[in-house]
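To keep things clear, I will list the structure first and then write my remarks on it.
The values are calculated or read from the model by the stated rules, or taken from the named source; none is laboratory data. Please read all numbers here as calculations on a predicted model, not as lab measurements. No Cβ is skipped: glycine too gets one built from the backbone with ideal geometry, and neighbour counts run over all protein chains shown. When the accessible area is computed, the model is the full protein with side chains, heavy atoms only, and any ligands, DNA or RNA have been set aside. Shrake-Rupley method; radii C 1.70, N 1.55, O 1.52, S 1.80 Å.
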Amino acid sequence: MEKTNKYQCTMKLFDDSINLDRTEPLTATVFASTADEIPHVTKVGSIIRLHRVQTVKYKKFTQINCDVTVKSAWVLFDPSEGASPIGESGKGHSFTAEERKLLTTVRKFVRNYFTTHELKGITFKQAEKKLKDFDVICYVMSTKKGSTFKATICDAEKTVKLDMGRRKMNFVEGEVIRIRSANYTDKKYDKIELNEYSNVLKIAEEYTSAKQLMKEIKSGKTNDKMKSKSNMRCACTQQLSAPIVGSRIDTVHKKLKKVLLSDLFEISGDKLSQKCFKVHINVREVRPKSPREWIWVYDKRSKRQTPLSEAFKDKKRLPSTSTPFYKMQLYVQDKDSKDGDMH
């Protein structure tokens with residue numbers, strides 16, 4: 001949204017110091033001179049670090065302003081994986097060991113909160129009485145790209161068409177999303193559109209809101225077409241989840257001494273490139289959570305890597321120059337690791 005020759009983005013933020021049952025989340029507004037300097041949040045629970053912000057009072061509530069045209073800055077992180085940011089306002093940022101631990105702590109809080117609390121939203125039938133400015137949680141049945149971006153969505157009771165206008169889709173078929181501020185566009189109540197200040201965020205499969213919706217879909221609260229799409233997705237996930245067991249043990253480095261993870265991460269890059277190390281670890285978590293998101297495609301011609309879902313967006317089959325591969329992150333611990341401390 002543009003205001004006084006600046007772009008702005010308003011977000012609702014909270015951490016473990018705010019009890020949302022009693023207190024409203026903190027409002028933060030980012031101002032920038034270009035759209036690229038605005039954080040593009042696509043997932044519920046995304047983590048943002050704000051620098052040199054200004055605290056202001058508005059209608060008895062405390063808010064914070066982050067103006068990157070002056071001296072403020074922001075760094076955006078994925079809610080579940082990676083120490084590298086998915087976006088930032090500047091050309092670089094510092095990231096200390098203490099901040100890495102804090103990021104792990106915040107992610108743990110985010111996961112615990114959204115797996116025990118439901119997001120607010122009404123059904124499409126309830127929205128027929130409101131017609132405008134309503135929030136919904138729904139399942140994406142299909143997407144279509146033309147002069148505008150469109151999708152078919154369902155809340156387990158009713159299926160409607162979503163017109164995204166010229167906004168780019170940040171979701172794919174088979175995902176659960178939350179739409180903030182939608183409007184019905186016709187009297188048949190089967191088409192909705194977004195406002196200027198609307199947003200669409202993806203909800204992770206393990207979050208309570210997504211689980212509840214998928215449970216309702218599978219329990220028969222929706223039509224056969226919707227149930228069929230859901231069952232296909234579950235079958236795909238189960239197939240990809242099959243364990244892969246190595247049939248041969250590598251004995252070349254069996255004489256290497258074991259190294260603790262805490263020591264390994266303190267070794268300089270020069271030494272890492274010259275030596276091999278042996279570690280005994282426990283895999284505590286695999287991210288992304290959904291096995292469908294593990295599959296990526298490498299195109300030899302363009303030398304680019306893209307998720308399989310994006311590679312298939314405009315094509316019925318992959319080109320001959322493309323090769324699929326798995327890409328995931330393993331979060332591990334060893335005997336020296338503390339609870340909640342993963343590498």
(Q) Please compare each pair in 130/161; 91/289; 202/303 to a cut-off of 26 Å on the Cα-Cα distance and tell me which ones are over it. (A) 91/289; 202/303
Q: Starting from the Cα of residue 157, step 7 Å along the direction of its Cβ; do the same at residue 129; then give the gap between the two resulting points in nm.
A: 1.0
**Q.** Label-point gap, in nm, between residue 263 and residue 94 - each point 7 angstrom along Cα→Cβ
**A.** 3.0
Q) Farthest toward the dipole's positive end in segment 63-198, which of 104, 117, 172, given Cβ charges of +1 (Lys, Arg) and -1 (Asp, Glu) about the Cα centre? A) 172
Q: Pull up all non-local amide H partners of residue 285: gap of 5 or more, or a different chain, and H-to-H distance under 5 Å with H placed in the peptide plane.
A: 331
Q) In the neighborhood of residue 181, defined by Cβ-to-Cβ distances under 15 Å, what is the net charge if each Lys or Arg adds +1 and each Asp or Glu adds -1? A) +2
Q) Under a point-charge model restricted to the Cβ atoms of Lys and Arg (+1) and Asp and Glu (-1), what is the dipole moment magnitude of segment 134-222 relative to its Cα centre, in debye to the nearest 20? A) 220
Q. What percentage of the solvent-accessible surface of segment 25-157, computed with a 1.4 Å probe over protein heavy atoms, is contributed by carbon and sulfur atoms?
A. 53
Q | Cross-link partners of residue 300 among aspartates and glutamates (Cα-Cα below 17 Å; sequence separation of 8 or more within a chain) | A | 310
(Q) Just the number please: accessible area per residue for segment 54-209, 1.4 Å probe, all protein chains included, in Å². (A) 56
(Q) Under the 0.36 nm per residue contour assumption, what length would be gained going from the current alpha-carbon distance of residue 144 and residue 35 to full extension? (A) 36.8 nm
Q | Label-zone membership for segment 3-33, site residue 61, 7 angstrom Cα→C-beta point, backbone N under 17 Å | A | 9-15, 18-30
**Q.** Separation between Cα centres of segment 63-87 and segment 7-45, rounded to whole Å
**A.** 10
**Q.** Additional length obtainable on full extension of the chain from residue 16 to residue 331, 0.36 nm per residue less Cα span
**A.** 111.1 nm
Q) Reachable aspartates and glutamates from residue 6, Cα under 16 Å, same-chain residues fewer than 8 places away excluded? A) 36, 37, 67, 196
Q | residue 83-residue 170 FRET efficiency (beta carbon distance; Förster radius 25 Å; 0.05 resolution) | A | 0.70
